[in-house]
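The values are calculated or read from the model by the stated rules, or taken from the named source; none is laboratory data. None of these values were measured; they are calculated from a predicted model. In this analysis, Cβ positions are derived from the backbone assuming ideal geometry, glycine residues included, and neighbour counts consider all displayed protein chains. These accessible areas exclude ligands, DNA and RNA; they are computed on the full protein's heavy atoms, side chains included. Shrake-Rupley method; radii C 1.70, N 1.55, O 1.52, S 1.80 Å.
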Amino acid sequence: MSTDTLIITDVSPRDGLQNQSVLLPAAAKVELVRLLAAAGVPSVEVTSFVSPAAVPQMADAAEVLAGVLKMAPLLRASVLVPNLKGLTRAIAAGASEAAVVLSATETMNQRNINMSLEVATAVCEETVQAARQAGLATRAYIAVAFECPFEGLVESSVVLALCERMLAAGVQEIVIADTIGAAVPRQVTRLLHDLAGTVPLGQTAVHFHDTRGFGVANAWAAIEAGVRRLDASAGGIGGCPFAPGAAGNVATEDLVLLARKSGLHTGIDMDGLRVALEYAESWLGRPLGGRTMAWHRRKQREAAEA
Ligand code: COA
Ligand code: ZN
């Protein structure tokens, strides 16, 4: 991995669509992923194999993954699984990469996956181990790693202990997630510093939400700390239905522009991203994207008129 390359995982089909009132048909989700891949996005979290009673928007996970494997066979396609049942369903649908989700606090695990922190940790361990045995690549989210909507600020030592358990279980990528978008850059710098001796930088990813407008600043703090794997979502759609106050993820296009203007590469083409975004807009029925996409669209209009 070149140190001037950012590896962006676009989570809009999962983190984004799980929270929308508009239900997209599986074929439309597949098309969104295909357009993201065509724009050069190297890695996409395409769906989640969770309980359809908990998240009805993801009930079509098997169909979506099968479609993605057919339409974008070269894409690194990951899926979220909360337990062994989800992993079994994911493997049956052809998954080659799976992410488990472990929240750093007792209450958040209860609300999200109906498990205590200790049970959730054990379930994530066994799910990672089973995924590794089945030959899958694995990620482990440490959700609410900075602040929990129910329990407040989270100590680095708690996150560190959970990372150690996940690494010991064989996970390849740890995703430090600011699920509710509560962190500021200084907290990011501090947590990554505290984790440095335990989680190798090459195995560290970050996942920011932009609830209060600090998403890009937090991403930059992580980049300055040496992290090169970042989650983002096209148009900034996203949010967790079980975490009150969680707004959208940091927008993929914001990171693409940030990278480009900072001499870093993402391999992602802005125009291709705009096409994917406009496709998502046509389904969700509202404009998506923040100031970066508005700026890009304006520049394109000006160029067309010149
Ligand atoms: N996929 C589909 N169905 C599942 C499942 C999975 N991964 N895991 C459990 N189920 C089914 C069980 O088979 C059972 O079905 P039944 O009622 O027909 O017998 C039912 O769900 C209840 O199972 P149980 O093990 O008691 O689960 P639960 O009700 O305690 O829910 C989770 C636990 C983890 C399955 C659920 O909370 C969940 O899917 N959460 C996901 C939350 C999420 O996606 N958050 C956003 C991303 S971070
Ligand atoms: Zn998220």
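Things worth noting here:
- Test for T107: is it touching a residue at least 24 places away in the same chain (Cβ under 8 Å), part of a helix (DSSP H, G or I) and open to solvent by 10 Å² or more (accessible area, probe 1.4 Å): yes
- Residue among G16, G67 that is of a type in the set (G, A, S), touching a residue at least 60 places away in the same chain (Cβ under 8 Å) and either in a helix (DSSP H, G or I) or within 21 Å of V275 (Cβ to Cβ) (or both): G16
- Criterion: basic (K, R) and either open to solvent by less than 30 Å² (accessible area, probe 1.4 Å) or within 16 Å of ligand 1 (Cβ to nearest atom) (or both) - qualifying residue of R165, R139, R132: R139
- Members of the range 259-274 found to be free of Cβ contacts under 8 Å to residues at least 60 places away in the same chain and within 17 Å of A221 (Cβ to Cβ), listed by number: K261, S262
- Residue list for the range 231-251, restricted to those being of a type in the set (S, T, N, Q) and more than 7 Å from ligand 2 (Cβ to nearest atom): S233
- Of all residues making up the range 209-230, the number that are within 16 Å of ligand 2 (Cβ to nearest atom), hydrophobic (A, V, I, L, M, F, W, C) and either on the phi > 0 side of the Ramachandran plot or part of a helix (DSSP H, G or I) (or both): 3
- Of residues in the range 247-264 being part of a loop (DSSP other than H, G, I, E, B) and open to solvent by 20 Å² or more (accessible area, probe 1.4 Å), the one nearest to A177 (Cα to Cα): A247
- For G197, the conditions (1) on the phi > 0 side of the Ramachandran plot; (2) more than 15 Å from ligand 2 (Cβ to nearest atom) all hold with the exception of (1).
- When L230 is tested against the conditions (1) in contact with a helix residue (DSSP H, G or I) (Cβ under 7 Å, 6 or more places away or on another chain); (2) within 16 Å of M293 (Cα to Cα), the lone failure is (2).
- The residues of the range 151-162 that are open to solvent by 20 Å² or more (accessible area, probe 1.4 Å), on the phi < 0 side of the Ramachandran plot and away from ligand 2 (no atom under 16 Å from the Cβ), listed by number, are E151, L153, E155, S156, S157, V158, L160, A161.
- Failed criterion for R34 (all others in (1) crowded, with 20+ Cβ neighbours inside 10 Å; (2) part of a helix (DSSP H, G or I) hold): (1)
- Entry remark, the range 274-306: residues being charged (D, E, K, R) and farther than 19 Å from S12 by Cα number 6 in total.
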